[in-house]
Amino acid sequence: MTTPPTLARIDLDEGAGWSTWTLTPGQAHVLTGERASKLVDIKPAGRQKNGTRDRYELRAKAMVGGVRLGGDDSAVQLRIAPKIPVDRLLYLLAYASGHAKWSDEPVEAGARHELLPAVGYAFTEAADRALRPGVLLGYREVEDTLPMLRGRLRAPAQLRRRPGLALPLEVTYDNHTPDINENRILLGAARRLIRLPGLDPTLRARLRRIVAQLDGVTAPRPGASLPVWAATRLNTRYQPALGLAELILRGASYELDDGRRVLVDGLLLEMWRVFETFLATALGEELQRRARGRAEPRDRDHHLDLGKKELLKPDLIHYLPPAGGGRRLVPAIIVDAKYKDGTKRPDLYQMFAYCVRLGITEGHLVSAAGSESLMEVPVAGNAIRLYRHVVDLSLPYQELHARIGELADALLRIRAESVTPHHHS
């Protein structure tokens with residue numbers, strides 16, 4: 001009689017300290033391997049008396065979610081809970097998806113405290129609303145061989161394949177079909193969520209109904225680039241679901257330091273990326289609402305050097321008319337998000353370089369924790385002011401939204417003070 005494989009179920013909290021776990025040599029090897037390199041830190045903590053298992057200390061890194069690693073005697077089910085409440089994380093994800101439409105409908109109590117069920121519930125609700133009026137149809141160009149003319153004749157293909165024959169015909173026509181990129185993305189996300197462990201059976205059944213509604217749609221291939229779609233009037237009702245679906249599908253992999261993508265059996269979210277995208281999108285919207293101009297999250301139009309080899313990568317640049325007047329918008333407010341407790345010296349150097357290169361006299365670093373401060377750096381008879389702001393992600397989402405508005409007001413006030421001429425008596 002064979003012994004069933006041992007599965008280590010490890011639950012960690014994002015941002016927490018070390019905790020001790022008993023692992024087989026195979027499980028420890030999995031957690032020290034390449035696939036786990038961005039998920040956990042691990043170090044030995046002592047050997048068991050029987051010598052077959054060791055004790056290890058584990059600490060989560062900056063990803064949250066759940067993933068299964070290894071197999072047989074090395075199987076590990078790893079879950080990393082976010083340090084902020086799950087409903088707050090869902091609020092951030094609405095912005096991180098690029099289609100911020102937050103619903104006040106509460107997440108079910110059973111899903112509120114667990115990330116994967118909560119994400120599954122949020123997606124299912126959004127997908128149900130999107131599909132309720134019916135599956136979105138679109139036109140796709142189809143190449144086919146038919147006994148009669150439909151659409152346009154593909155003359156080169158006809159001559160190449162059937163020289164001298166009148167039938168059948170090589171044709172191209174537009175087909176009204178549900179097999180469009182929007183539906184492909186929804187189908188791929190629903191199938192991925194169905195495979196995740198820990199989902200409520202009722203939720204899994206609702207996801208299967210979504211899959212059934214999307215009959216005739218081709219699911220994205222795992223590991224391939226996501227299908228491309230663009231927001232239009234026709235797919236407005238799909239957009240909240242599509243934003244969540246893309247995050248779910250991207251959460252099936254992560255990037256190593258050398259640029260390679262690692263596919264995972266689970267769902268992972270990089271919290272630093274979620275925070276940066278949320279802040280740039282939400283703050284950009286508030287700045288634009290108050291001062292017009294143009295907000296550019298993840299602006300990639302500026303370089304440090306004249307040769308344009310070193311790209312500047314601020315999270316947000318807000319463009320306004322120059323102080324002296326004129327219609328051409330210029331960089332006016334620059335923001336960088338830091339998902340950590342406070343900002344470090346390299347962050348200050350980086351923001352200083354942004355300000356000097358763009359000709360701005362104040363830069364803003366926004367972290368998810370820490371304390372606020374101001375540093376003045378003398379530069380050629382002037383000074384560049386580096387502000388450190390804090391956005392507390394543990395706030396209820398209504399207060400968090402208000403905090404972003406307050407931050408936008410503060411940035412605009414600082415900008416106005418910096419360009420207002422000072423009169424001396």
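The values are calculated or read from the model by the stated rules, or taken from the named source; none is laboratory data. Keep in mind that this is a model prediction, so the values were computed, not measured. We place every Cβ from the backbone using ideal geometry, glycine too, and count neighbours over all the protein chains shown.
General remarks:
- Pairs, first among the hydroxyl-bearing types (Ser, Thr, Tyr) in the range 278-298, second in a helix (DSSP H, G or I), C-beta under 9 Å, six or more apart: Thr281/Tyr95; Thr281/Ala96
- Search result, residues across the range 369-389 that are among the hydrophobic types (A, V, I, L, M, F, W, C) and in contact with a Lys or Arg (Cβ under 9 Å, 6 or more places away or on another chain): Ala369, Leu374, Met375, Val377
- Count of residues meeting criterion [outside any helix (DSSP H, G or I) and either buried (at least 16 other Cβ atoms within 10 Å of the Cβ) or small (Gly, Ala, Ser) (or both)] in the range 342-360: 4
- Qualifying residue in the range 417-425 (condition: part of a helix (DSSP H, G or I) and more than 29 Å from Asp305 (Cβ to Cβ)): yes
- For the range 300-310, the count of residues that are under 21 Å from the mean Cα position of the chain (by Cα), in contact (Cβ under 8 Å) with a residue 40 or more places away in the chain and buried (at least 16 other Cβ atoms within 10 Å of the Cβ) is zero.
- Annotation: of all residues in the range 74-99 being closer than 15 Å to Gly120 by Cβ and of a type in the set (D, E, K, R), the one that is modelled with the lowest pLDDT is Asp87.
- Tyr319 meets all of the listed conditions (1) in a loop (DSSP other than H, G, I, E, B); (2) in the same structural domain as Ala369 (by TED's automatic domain parsing); (3) of a type outside the set (S, T, N, Q) but one, namely (1).
- Screening the range 35-49 for residues that are of a type outside the set (A, V, I, L, M) and under 16 Å from Trp21 (Cα atoms) and picking the one that is modelled with the highest pLDDT gives Asp41.
- Lone qualifier among Ala337, Ala402 - being assigned by TED's automatic domain parsing to the domain that holds Leu279, under 23 Å from the mean Cα position of the chain (by Cα) and outside any strand (DSSP E or B): Ala402
- For the range 57-73, residues that are modelled with pLDDT of 85 or more and in contact with a Ser or Thr (Cβ under 7 Å, 6 or more places away or on another chain) total 2.
- Identification of strands (runs of 3 or more DSSP E) wholly contained in the range 251-299 with 3 or more residues that are out of contact with any Ser or Thr (no Cβ under 7 Å at 6 or more places or on another chain), modelled with pLDDT of 90 or more and over 27 Å from Ala60 (Cβ atoms) yields 294-297.
- Pairs where the first residue, in the range 11-22, is surrounded by 17 or more Cβ atoms within 10 Å (Cβ to Cβ) and the second is among the polar types (S, T, N, Q), C-beta under 8 Å, 6+ apart: Leu12/Ser19
- Positions within the range 196-218 being of a type outside the set (Asp, Glu), surrounded by 14 or more Cβ atoms within 10 Å (Cβ to Cβ) and within 19 Å of Leu267 (Cβ to Cβ), in sequence order: Leu196, Leu199, Leu203, Arg204, Arg206, Leu207, Ile210, Val211
- Every pair of residues 6+ apart whose Cβ atoms lie under 8 Å, when the first sits in the range 313-328 and is surrounded by 12 or more Cβ atoms within 10 Å (Cβ to Cβ) while the second is of a type in the set (Phe, Trp, Tyr): Pro314/Tyr354
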